[in-house]
Each structure stands twice: as structure tokens, then as C-alpha cells.
Amino acid sequence: MDSMDDEIVSIVEREVGETPFSVVRVDEGLLHETYDVSCETGRYVLQFDSDGERDDSLRRGYNCYIALRGSDIPIPEVVTETVTSDDGRGYTIVEKLQGTTGEKDISPERTRNAGRVLARIHEFERFDEAGWLRFEGREPTVESFEAEGLQEWVLDNVAESSTCLRNGGLETAGVDVEDAFDRFGETLPEAFRPVFCHNDYSPDNVLFEDDAVTGVIDFDRATANNAQRALAKAANCFWMHDPNADWNVRETFYDGYRERRNVDDSFERNEPLYRVETLANIVAALLDMDGLSEYETEFYAEQIREEVERAEQAKR
């Protein structure tokens, strides 16, 4: 057993009260250094703050679990009540939930159920303004976005994403997105009631057993923000996991959401632009991480152009 294993064993013994018989590092797709820990009485997830800049995201995600505790949203039970320090590094421990992520297997029923659960998250409406969630004690507070309103915030995102698309070789897509928002961005609402937004609600962060949702994890990027935009972004995330499906992934996700939470008529007007903005945002982030193959880059360039055309037609 190496020194890292010794450190983890010591932490688990202190926090859980047992000696683990298995410690496995989980490397794929995570912000933080993460371990799957097995003990006689259960399995746990131990996460270390990977570096000082990410300490706040670890704290945010962990405190979101605590803030949502007692709701009907399936989230992990916390073991350590705070982000605890060990040799200067923060860490957290939660119980490992049953189920597997939908990363490689989304179906209509899974997608519909995931939409229902997102609606439950959006029922958490305690915020007076939009921004990043912060925690002083147990209750969430909001650090306002620098933009003065939703329109400005979305347009700032569009400018950043469009630049990244152009730099990544998607020149036409980047220009098309920016042009569309130059013409129609002001049609988006300014006034809205912020809701609790996971902000990375994708099949990677939703756990399933059969078709049932058994968990939602990784709230590290959580915000108080616009529910319609968050809904469109999540639908994009699910669609991107099976973009060639022979069923309508986005509409199935929306149907599930509507079963739980009312979506007013303005969504039909706003959704085409939110779809373009969030799809461009996701693709830009993947380009920035070198996360797309040449084929995928060309595919998403075409998809962005098609969604821009759809948004333009909706505004005519």
C-alpha cells in the first residue's frame, strides 16, 4: 500500500470508523481527485480538492447536497459535515449511491425521468438574483454575475463561445451564432425568478437503475439562474449523448419536465435561442479541452448551423 493509500485509509478510518478493503481512483470526467472506497458496511466517495482554485467548487457541490437534504431529490448522504482539511487539502466523503450514470445508455424513459427530476431541482426557488451559489454556513447565498441582466449575461457567453468556436476551426458556426444573437438577443427576457440550477445536468451526472433515476451528483457548478435556459441546456446535454437517436431526445426530456413543473408559453419563443447559446457553449468547452474528434467537430459545426437556422425561422 503506497503513501496515498495510507492517507486515504487514515481519513476513512477517522471519518467512517472503518478500515476500507478497497480504494479505487476514479479518473474519468471529474474536476476533483476522486476515490471509490469500499468498507464492510458500505461504499463511499472521497474527493480531494485538486488545487486551491477549485476549493470553492468542491465546497459548493458538497454544500448543495446539504442544502437539498430532506428534499425528494435523490442526492448522496454526506459523511463529513464540512469540507475537512488534511495536510492543507480539503476533502469530502459522501455515501456512494446505487446505480450507474447514463453516459453510455440513455433511453426515452430514462430521459423522461431525468427531465422530471430536473423539474424537482428547479422547484427550489429562494433567490432574489442570479449568480454563483456560495455558502456561508448551511444556507446558500448568491454572488451576482458581473453582467447586469440575463440578456447581457447570455450575450457575454455567446461572445466567448463564438470566439472559441472560431479559434477551434468552426469559423462559420461561430460567426452564425454571434450574428443570430446580434439580431435576436434582445428578445430574451430580462426579468425572471432565479431557480436552483445544477448547471451540468447531463447523463454523466445522473444515476439510473433500470429506468429509474437513483441519484444526481456533482453540483460543483451550481448557480441561481433562469429555469428555461437550464432546461434547454440539459436537453442539449442528453441529446449529445445520442445525437443520432431515432427518437426526439430533447422533446422527450421536455415532456418529462412538464409532467412535474409548469412551463409557460414563453418557453416556445425563447427555447430556440437558448438551444443555440447552450449548444455553442458546450461545444466550445469541449473544443477548449481537445475533447472532440475531427468527425465530431464537423458534426457539431453543422448542428450549430442548423439550430441557428431554426432559431432565425422562429423569429420571423
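The values are calculated or read from the model by the stated rules, or taken from the named source; none is laboratory data. Predicted model, so just to flag it, every value in this text is computed and none were measured. Here the Cβ positions follow ideal geometry from the backbone for every residue, glycine too, while neighbour counts run over all protein chains shown.
Below are the figures for this structure:
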quantity: Pairs where the first residue, in the range 96-109, is in contact (Cβ under 8 Å) with a residue 60 or more places away in the chain and more than 20 Å from Cys39 (Cβ to Cβ) and the second is part of a helix (DSSP H, G or I) and β-branched (Val, Ile, Thr), C-beta under 8 Å, 6+ apart; calculated: Ile106/Val249; Pro108/Thr252
quantity: Qualifying positions in the range 145-193 - surrounded by fewer than 22 Cβ atoms within 10 Å (Cβ to Cβ), in contact with an Asp or Glu (Cβ under 7 Å, 6 or more places away or on another chain), closer than 30 Å to Arg261 by Cα and modelled with pLDDT of 95 or more; calculated: Val154, Asn157
quantity: Ala114 vs. criteria surrounded by 19 or more Cβ atoms within 10 Å (Cβ to Cβ), over 18 Å from Asp204 (Cα atoms), in contact with a strand residue (DSSP E or B) (Cβ under 8 Å, 6 or more places away or on another chain) and not charged (D, E, K, R); calculated: no
quantity: Selection status of Ala227, within 20 Å of Arg120 (Cα to Cα), touching a His at 6+ places or on another chain (Cβ under 7 Å) and surrounded by 22 or more Cβ atoms within 10 Å (Cβ to Cβ); calculated: yes
quantity: Lone qualifier among Asp218, Asp255, Asp200 - being under 18 Å from Val117 (Cα atoms), of a type in the set (Asp, Glu), in a loop (DSSP other than H, G, I, E, B) and at pLDDT 95 or above; calculated: Asp200
quantity: Verdict on Glu129 being in contact with a strand residue (DSSP E or B) (Cβ under 7 Å, 6 or more places away or on another chain), among the acidic types (Asp, Glu), touching a residue at least 60 places away in the same chain (Cβ under 8 Å) and surrounded by fewer than 19 Cβ atoms within 10 Å (Cβ to Cβ); calculated: yes
quantity: Which numbered condition Gly52 fails, given (1) in contact with a Leu (Cβ under 8 Å, 6 or more places away or on another chain); (2) at pLDDT below 85; calculated: (1)
quantity: Filtered residue count, the range 2-35, keeping only those that are modelled with pLDDT under 90 and either in a strand (DSSP E or B) or at positive phi (or both); calculated: 3
quantity: Scan of the range 216-251 for residues that are in contact with a Cys (Cβ under 6 Å, 6 or more places away or on another chain) and farther than 27 Å from Pro140 by Cα, ordered by number; calculated: none
quantity: Pairs with Cβ under 8 Å, 6+ apart, first in the range 167-196 and over 20 Å from Ala147 (Cβ atoms) and assigned by TED's automatic domain parsing to the domain that holds Arg310, second acidic (Asp, Glu) and assigned to a helix (DSSP H, G or I); calculated: Gly168/Asp288
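Residue-by-condition table, conditions (1) surrounded by 22 or more Cβ atoms within 10 Å (Cβ to Cβ); (2) among the charged types (D, E, K, R); (3) free of Cβ contacts under 8 Å to residues at least 40 places away in the same chain:
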{"site": "Tyr201", "(1), (2), (3)": "yes, no, no"}
{"site": "Arg221", "(1), (2), (3)": "no, yes, no"}
{"site": "Leu231", "(1), (2), (3)": "yes, no, no"}
{"site": "Phe238", "(1), (2), (3)": "yes, no, no"}
{"site": "Leu286", "(1), (2), (3)": "no, no, yes"}
